[in-house]
1. Just to be sure, is Leu153 in contact with a helix residue (DSSP H, G or I) (Cβ under 9 Å, 6 or more places away or on another chain) and surrounded by 22 or more Cβ atoms within 10 Å (Cβ to Cβ)?
2. Does Met46 satisfy the condition of being under 20 Å from Val208 (Cα atoms) and not in a strand (DSSP E or B)?
3. What is the residue count in segment 175-204 for residues that are among the hydroxyl-bearing types (Ser, Thr, Tyr), surrounded by fewer than 16 Cβ atoms within 10 Å (Cβ to Cβ) and within 9 Å of the chain's Cα centre (by Cα)?
4. Test of understanding: among Thr73, Thr28, Thr61, which residue is farther than 23 Å from Gly174 by Cβ, among the hydroxyl-bearing types (Ser, Thr, Tyr) and touching a Pro at 6+ places or on another chain (Cβ under 9 Å)?
5. Looking at the structure I just gave you, is Ser186 closer than 30 Å to Asp299 by Cβ, touching a strand residue (DSSP E or B) at 6+ places or on another chain (Cβ under 7 Å) and modelled with pLDDT under 95?
6. With respect to Ala84, determine if the residue is crowded, with 21+ Cβ neighbours inside 10 Å and under 30 Å from Glu120 (Cα atoms).
7. If the Cβ limit is 9 Å and pairs must be 6+ apart or interchain, which residue in segment 51-78 that is without any contact (Cβ under 8 Å) to a residue 40 or more places away in the chain and in the same structural domain as Asp147 (by TED's automatic domain parsing) pairs with which residue that is acidic (Asp, Glu) and surrounded by 15 or more Cβ atoms within 10 Å (Cβ to Cβ)?
8. Just to be sure before I move on: is Thr5 over 27 Å from Phe301 (Cβ atoms) and assigned to a strand (DSSP E or B) in the structure I sent?
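The values are calculated or read from the model by the stated rules, or taken from the named source; none is laboratory data. A quick note: this is a predicted structure, and the numbers were derived from the prediction, not measured. Positions of Cβ are generated from backbone atoms using ideal geometry, with glycine treated the same way; all protein chains shown enter the neighbour counts.
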Amino acid sequence: MPVITARGLVKRYGDVVAVDDISFEVETGEVFGMLGPNGAGKTTTMEMLEGLRIPDSGSATVLGSDVVLQARTIKARIGVQLQATALPEYTKVREAIDLFGALYPTARPTADLIKEFDLEEKADAYASDLSGGQMQRLSIALALVNDPDVVFLDEPTTGLDPQARLNIWDVIEGIRSRGKTVVLTSHYMEEAERLCSRIAVIDHGRIVALDTPQNLITAHAPGTTIEFDAPHGVDEAALAALVGVESVAVDGRVAVSTRAPERVLRELLNPDGHWLLRGDQDTAAGIRDLRVRQGTLEDVFIALTGRSLRT
């Protein structure tokens, strides 16, 4: 039996359909990711699974229990880290963990959680005085106080510096290594690609793709992208006509998509290929900062959800 099963979940707010017929399953021990633009429906989907919002239609089970009829049973066995954690004023780290632990019949020892999340030096500090990374570690510790079987993390590293983000990644991998199931949302493609067993890409309240990170890349961002600066301009039509070139995009830098990178690079770096660039310089001399990269999850995200900004 899957740990989580969602079937046709729908949630509306007036005329806005936030979640539109979403269905998926999550297996034991997975780190299951949800990616999508702002307002795509990721957080609303998680809140329905957590028992915080009631679906308008559809059904879902978590750990075999119905999210509407048995929400109290589910809440005892899951951990939830919201986008923002609010604690009573002047609450110390140790006191916060004690407080959350008191809400459950059994709870992990406070000292163990403080040590696990590297908060010993801040155990008697006020939560309001913690750095962003320390506060995120505390919020995840609070989500794990009842030793849950399923952990929901909503954008756990937003706003953190690179060192703090790496630390949270280690924490999440540690949760998975203990056999727990993790469901997370993120706007960081590298984070999702590193951590997630499978990813659902959500847009306009619907799942538009669901697979492993590598399979998503293979299906939606295959091939190679060659990027470079052309200070004197580039002949887009001539570049697009090269054998092996699938598309050309010029947005400050030139981006050439291809499944035959060696062949295209030979043409780009051929001194006699000056017709590719504007001006009299040869091609190789007219190219600056050339980079070659394989398809990434970010390419998948853009291919499936577009480039336009969301509010």
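1. On the way: in contact with a helix residue (DSSP H, G or I) (Cβ under 9 Å, 6 or more places away or on another chain): yes; surrounded by 22 or more Cβ atoms within 10 Å (Cβ to Cβ): yes.
Criteria met by Leu153.
2. Details: under 20 Å from Val208 (Cα atoms): yes; not in a strand (DSSP E or B): yes.
Yes, satisfied.
3. Here is the first cut: in segment 175-204, the ones among the hydroxyl-bearing types (Ser, Thr, Tyr) are 177, 181, 185-186, 188, 197.
Then drop every residue that is not surrounded by fewer than 16 Cβ atoms within 10 Å (Cβ to Cβ), which leaves 177.
Add one more test, that the residue is within 9 Å of the chain's Cα centre (by Cα), and what stays is none.
Adding up the residues that qualify gives 0.
4. On the way: Thr73 fails: touching a Pro at 6+ places or on another chain (Cβ under 9 Å); Thr28 fails: farther than 23 Å from Gly174 by Cβ.
From the options Thr73, Thr28, Thr61, the qualifying one is Thr61.
5. Details: closer than 30 Å to Asp299 by Cβ: yes; touching a strand residue (DSSP E or B) at 6+ places or on another chain (Cβ under 7 Å): yes; modelled with pLDDT under 95: yes.
Yes.
6. Numbers: crowded, with 21+ Cβ neighbours inside 10 Å: no; under 30 Å from Glu120 (Cα atoms): yes.
The answer is no for Ala84.
7. Close Cβ pairs satisfying both conditions: Val67/Glu50; Ala71/Glu50; Ile74/Glu50; Lys75/Glu50.
8. Values: over 27 Å from Phe301 (Cβ atoms): no; assigned to a strand (DSSP E or B): yes.
Answer is no for this residue.
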